[in-house]
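Read-outs throughout are calculated quantities, based only on the coordinates presented, and are distinct from any laboratory measurement. None of these values were measured; they are calculated from a predicted model. A quick note on method: Cβ atoms are made from the backbone with ideal geometry, for glycine too, and the neighbour counts reach across all protein chains shown.
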Amino acid sequence: MTLTIHEAFDLPSREDITAQEFVVKLQTEDDEARDRKLVEDYVFTPTVEQELPLIFDALRHVHERGEEMGRFIHGSFGSGKSHFMALLGMLLRNRDVAWSKKAEVIEALRPHREWIGDANLLVVRLHMLTADEEDFDRMVYEATNHALDLLGKAPFEFMNVDGVLDEMRREAEQYGDAFWTQLRDAGVLASQAAFEMLADGEPKDREDLARSFLTYKGRDTRSAGLDPNWGNGLQRLTAHVKAQGFGGLVFLVDEVMLWLGEKTEPEFKRAINQLNTMVDHATGRRAVPLFVFVARQRKLREFFPDWASDDAMEEHLAHHSKRFDQTTLQDVELRHICRQRVLKRLPANESEIAKVVDSLAEQHKKVLPALLQSADIDYLKDVYPFHPALIEMLIDISSLMQRERTALRLLYELLVVHYPDLPLGQFLPVGSAFEAIFPPQETPQGRKKLDDLQSIHRLYYERFRPAMEQMLELAKTDESFEFDADRQRVLDQLVKTALLAEVSPRLKGSGGMTVERLVRLNDADVDGHTDRGRMTQAHQSLVELARKVPGSLQVSGSGRTAVVTVVLQGANLEEYMERARAKVSAHHVRLKVFSEILRGALGLTGAKWEGQSSGPVEIEWRGTKRKGSLVIRNVREMSNAQFKPDEGELFRLVVDYPWDDPGHTVEADRVRAQQVRQREGRVPTVCWLPRHMTNHEIEDLTDYAAAQHLCSKEGAELLTRLAEHERTQVLRQAESRMSMMRGRIVETLSRVYREHGQVYALWGDMAERAPEPELADNLRRLAQDLLDQRFPLHPMFGKSYSTSNLKSLCEWLIEAANTPDQSAPYDDGVAKVLKDLGQPLELLDLGQTKGRLRQDTRYIKAVMEKASGERVAWDGIDEMLMTEYGFEPSVRNLFLLYVARLHSFRILSGDGTPQQLTHDGKARGGLVLERARLLTVAEWTRARDLGPALFAGLDAPSTNRTVSEQDSYVTALRERGVETRKHLQAVHTETVSIIGEAAAPESSRLALLREANTRLAPLAKTTDSHTALKELLAAWPDDASDDHRSVVREANGLRGAVESINKGGLDTLRQVPDTNSLVGEAREHIAALVALLRDDGERLSTDRIAKWNQATTALIQRIVAKGHATPPPPPPGSGPPAPPPPRTPPPPPPTESFHQASVDASSMDALSDFWLELRKKLQSKGGRVKLRVIVEDEG
């Protein structure tokens, strides 16, 4: 026989519940029986177990230092603050009733009991709502005196002494000597002089004087008022407490926030300042340590955002209470209190209860998080037979109700009064708490949200319950209307839960209250999914009830996902939704809404998708990013071309509409896709064909569009007759409806596309169902599966895939290819690139520190099979790498450069121009590979050394012996070689013109110039780079001391030197007549220049020529002084130019042509050849001859 809840748990009787006080108040007097019960019932929750040791440690340290300490006990209504303070007070008063409680935390605190006993603390308990006084300071004084009185100690006099003394002065001024005489006769004072002395004396003397005067007047000391200096008052108070034998003063202050809430702003601020002064003051060290514990509610706005009235209080309190630490009793404390205090299992049935609870936990572990975000299975085990959602709801509701209706009392009433016979294994429905919270005969009297609480009470008892009774009566007379007592019972629980959710944010949740949540929160049978028939019945019953109570109950949507909302007050959203539906019922409006929501569900966000039904998409596939496109369109109406990706796209995803014109089913879309595949062949496109939405599902789109319209500028005209607050309420409800409907539509789209839709690929053989649970993830997955079908041989790259890293890989491959064993070392920086890119491309094997090239794998073999000739068009290979393997341009370019360098191919453009390409991600076309010759390693080494040795500033090429490096190097050498030969030939010509043809054959310098010029001749030829370098190396011996190398390196300087010779001065010296006494010196000076130019023994430089020019000028000046010579024109750059000589007529033409030739005057080589041939003919003729040179343009 199944146990009932009453038989399984140790529960009190009905009478005990009525008599129990569930609201613990901080009592100012002891009651042994009451206190024993309070200690027995107290539950040490996890927060309390953690905080109590910290509090006691802080108390001990502060007491030892003789200072003050303040602490807020923070928590919402019903969180146990007062109960905690009561227990804390008993512990600090060292009462056995508290220290004898069996609990681990008490044992942990036991070492503190010794110093607490030695300290003999005076604990003052102050319940702010039961005190008689109006002012905080007087309440503190009075509470302290009450505590002293209970212990038989003298009270503290806290009167305003200055006020009494001022009163005595006023009476003396009014009555004169008679006043002092009366006081003397009454034994109060001896004289006025005695008054002045005592009034200026010690505080005790002043107080005695004031007290004697008040006694003389027959007045109580209270009539004197309080000392306005609160800080001084506390100094006196602690001194009095110490005088009574106490070592510390503890204040336990309860209900301070409720008391402050009734104060005016000035009164509020004054009380807060006084509270702060208790622990933060500048009046010096007090006689005994002072501790203040203040219970305060949590901010109400944390639960109900529309409660704004507490903000000012909270801000001021926070600003002036920074010296107060805080202990927060969390709302979840009710869970632990419920487990330890309410649900005490009877030992005899412990095993059976545990078995049942474990079974329930296993059933609920999947659905519980969906019902309540903060719940877990342990929570369920702690509070069974209550549902965690019911506990969370009670936390919210009890903070609204009057103080006597606490959550704890409601829990007991549910178990003992309302459901004592609930079978073990069943949950108390969440809705079952309704009548315990809102009894039919009691009007709610809550502290907050009173209007909502009363609306809930009125709606249920005056509208919903009568309407359900009418539905039951209708079923008796109308057989077509299916409704009976069982359905009424279920509907009653659902409605009650929906009503409670309107004032319980935790129960309602962020997504609203759906039919499915309502059913599950009131039903323990959750194996698999809740029965569809039960969900359908619940939805039908709620819809029918909504028709009976229009404007109060709203059911949006259909089936289990329909959202149920209760309108407690204000304008009726449904009325305005109906008007808005008429505005948005057109098909194009629904299509716009559908497209907007579908794009969001598919993750197609951003400006590029705003209002668009097609656009680009990018996915990650096998380590790469690939671009395609997505189209949202009716597949049946698409042309063949619209199925195909555009240029530059690898794939296309086509998402069909989940509806069509009447008469067309999903099959028509599938047939259309099949036709395209048959006619066009393989097309890299996937069609996602959903089932068609039902009328109810399409109505959801209309509802969303209607709510959206209400929130728009265009919809404002529908709300013009509403008051501002009503319009705000309607808009807020419309926004909520939009949010909830959007969620429902997304769920619908998930069903029609993912669960019931079909995937049809125009390439390969793909699964017919969308594989991923989320819509957006399916776009990526479908595109990836399609690319898997299209390029099955594409490798899986690692995370290092990028154009820059492919370039690094290419450089390493080239380095390895230039070694005899085709291997190269690698460091940590390169290792990841080689592993993530090189190994997937099967181009290498990696060892511990070195990698070795591979040329026997599929990718490189496929390339080399097509690149086996002497001249190869690259386009065919590039196309193969794309179509067969799906490689991107950056990978294809890697193969291009690697193969070209590995197998000595020169890369040419279509017109045969060599291309110096570097690795990048650009697609390339029209290239040709032409096999080229390379120098040997030794030759390349010599060539690398020779270039910089000949031409200053020329960089040696890379050690990588490649066609590209070889071509680039020869280009640089040619540029420098042609320029140098021009310099050498200019020096040769100038030198011959000065030293004369006769001396030229004997000139060692001219011989060097001619030989150097000849050795550079290979660089002037237009041969290929291999031939040019071979001939260059043959012309230049491997001798670093070769003088010809120096001539080449200094060619530019030599030319500058000879061109700076003062040729005018030279001619003047040559014309000096023999009769001139300086002719000998002139001849010697000319001979010195000739010797410098002719022989290479002395270094020819601009400095040497400058000195010769300077000596020439000086010598000519001396000759001019003799009067036998005309000064020569100044050397270049020495002054203004001389006037041109008179024009002489041209010489007559020669009678006979001795030698003629047609030459290219721009070619130094051609001119050199011409002069050499002419010189040979002249030498064969012999003797002195006179030459005329005639230059004519060729016709």
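Computed over all pairs of different Cα atoms, the Kirkwood value for the hydrodynamic radius of region 45-176 is 17.9 Å.
Modelled spin labels at Asp358 and Asp1095, positioned 7 Å past Cα toward Cβ, are 11.8 nm from each other.
Decide, for region 649-758, between rounded, prolate and oblate: order the square roots of the alpha carbon gyration tensor eigenvalues as a ≥ b ≥ c, take rounded if a/c falls under 1.5, and otherwise choose prolate if a/b is larger than b/c, else oblate. It is prolate, given that a/c is not under 1.5 and a/b is the larger ratio.
Give the shape of region 803-931 as rounded, prolate or oblate, defined through the alpha-carbon gyration tensor: a ≥ b ≥ c are the square roots of its eigenvalues, a/c under 1.5 means rounded, and otherwise the shape is prolate if a/b is larger than b/c and oblate if not. Please report the intermediate quantities before stating the final value.
Working: a/c = 1.75, a/b = 1.61, b/c = 1.09.
Here region 803-931 falls in the prolate category.
Reported to the nearest whole Å, the Cα centre-to-centre distance from region 702-772 to region 623-662 is 24.
With the cut-off at 27 Å, tell me which of the pairs Lys355/Lys508; Lys832/Lys861; Lys627/Lys922 have Cα atoms farther apart than that. Before the final figure, lay out the partial values.
Working: Lys355/Lys508 31 Å; Lys832/Lys861 24 Å; Lys627/Lys922 15 Å.
As for pairs spanning more than 27 Å Cα to Cα, those are Lys355/Lys508.
Comparing Cα centroids, region 918-939 and region 157-175 end up 113 angstrom apart.
Would you mind getting me the FRET efficiency between Asp118 and Ala239? Use the beta-carbon distance for r and R0 = 22 Å, nearest 0.05. List each step's numbers first, then the result.
Numbers: r = 20 Å, r/R0 = 0.91.
Taking R0 as 22 Å, the efficiency between Asp118 and Ala239 is 0.65.
Please give me the summed charge of the neighbours of Glu870: other residues whose Cβ is under 13 Å from its Cβ, Lys and Arg +1, Asp and Glu -1.
Working: positive: Arg871, Arg906, Arg931, Arg933; negative: Glu930.
Local charge sum for Glu870: +3.
What net charge is computed for the residues neighbouring Arg781, neighbours being all others with C-beta under 13 Å from the C-beta of Arg781, Lys and Arg scored +1, Asp and Glu -1?
Computed value for this residue: -3.
Just subtract the alpha-carbon distance of Asp486 and Leu722 from 0.36 nm times their residue separation and send over the number in nm, one decimal.
Working: separation 236, 0.36 × 236 = 84.96 nm, distance 4.10 nm.
Once the chain is fully extended between Asp486 and Leu722, it gains 80.9 nm.
Summarising the overall dimensions of the chain from its C-alpha atoms, the Rg and Dmax are 53.7, 171 angstrom. Candidates Leu507, Leu1089, Gln441 compared by Cα position along the dipole of the chain: farthest toward the positive end lies Leu1089, with charges placed on Cβ.
Here the gap between Glu462 and Arg65, fully extended at 0.36 nm per residue and compared with their Cα-Cα distance, gives a gain of 136.5 nm. A simple spin-label model places the labels of Thr989 and Glu755 9.5 nm from each other, with each point 7 Å out along Cα-to-Cβ.
Looking only at chymotrypsin sites (Phe, Trp or Tyr not before Pro) in DSSP loops with at most 16 other Cβ atoms within 10 Å, what is the longest site-free stretch of the chain? Please list the in-between numbers first.
On the way: sites that count: Trp307, Phe481, Phe1154.
Segment 482-1153 is the longest.
When we measure straight from the Cα of Lys269, which lysines land under 24 angstrom away, once same-chain ones fewer than 8 places off are left out? The qualifying lysines are Lys81, Lys299, Lys322, Lys448.
Listed by chain and number, the aspartates and glutamates whose alpha-carbon sits under 15 Å from that of Lys1063, ignoring those within fewer than 8 places in the same chain, are Glu990. Beta bridges from DSSP with both residues in the chain: antiparallel share about 50 percent, rounded to the nearest 5. With contacts taken as Cα pairs under 8 Å at a separation of at least 6 residues, region 161-224 carries a relative contact order of 34 percent. Restricting the GluC sites (Glu not before Pro) of region 426-528 to loop positions (DSSP other than H, G, I, E, B) with no more than 12 neighbouring Cβ atoms within 10 Å leaves Glu442, Glu479, Glu482. One compactness figure for region 938-1122 is 1.29, namely its Cα radius of gyration divided by 2.2 N^0.38 Å.
On the basis of the beta-carbon distance and an R0 of 51 Å, Asp1039 and Asp788 show a calculated FRET efficiency of 0.20. Prolate is the label for region 762-867. Its Cα gyration tensor axes, ordered a ≥ b ≥ c, give a/c of at least 1.5 and a/b above b/c. The label-point distance for Asp875 and Thr857, in a model that sets each label 7 Å from Cα toward Cβ, rounds to 3.0 nm.
Rounded to the nearest 10 degrees, the angle from helix 485-501 to the longest Cα principal axis of the chain is 70 degrees. Relative contact order of the chain: 7 percent, from C-alpha pairs under 8 Å at least 6 residues apart in sequence. In straight-distance terms, cross-link reach from Lys644 covers every one of the aspartates and glutamates whose alpha-carbon lies under 12 Å from its own, apart from those fewer than eight places away in the same chain; here that gives Glu680. The length gained by stretching the chain between Asp220 and Gln1071 to full extension, at 0.36 nm per residue less their Cα-Cα distance, is 291.8 nm. Each of His709, Ser739, Thr665 was scored by the projection of its Cα onto the charge dipole of region 627-771, and the greatest displacement toward the positive side belongs to Thr665; charges sit on the C-beta of Lys, Arg, Asp and Glu. Computed from Cα positions, the angle between helix 963-995 and the longest principal axis of the chain comes to roughly 40 degrees.
Magnitude of the charge dipole for the chain, about its Cα centre and with charges confined to Cβ atoms of Lys, Arg (+1) and Asp, Glu (-1), is about 4860 debye. Quick one: plug the Kirkwood hydrodynamic radius of region 595-641 (C-alpha pairs) into Stokes-Einstein at 4 °C, 1.567 mPa s, and report D in µm²/s. So the translational diffusion coefficient is about 107 µm²/s. When Thr883, Thr328 are sorted by how many other C-beta atoms sit within 10 angstrom of their C-beta, beginning with the fewest, the order is Thr883, Thr328.
Considering only Gly829, Val250, Gly1064, and ranking their Cα positions along the charge dipole of the chain that arises from unit charges at the beta-carbon of Lys, Arg, Asp and Glu, the one farthest toward the positive end is Gly1064.
May I ask you to derive the FRET efficiency for Asp41 and Glu107 from their Cβ-Cβ distance with R0 = 22 Å, giving the value to the nearest 0.05?
Numbers: r = 19 Å, r/R0 = 0.88.
Result of the calculation: an efficiency of 0.70.
Rounded to the nearest 10 degrees, the inclination of helix 1102-1122 to the longest alpha-carbon principal axis of the chain is 50 degrees. Using C-alpha pairs below 8 Å separated by at least 6 residues, the relative contact order for region 938-1122 is 25 percent.
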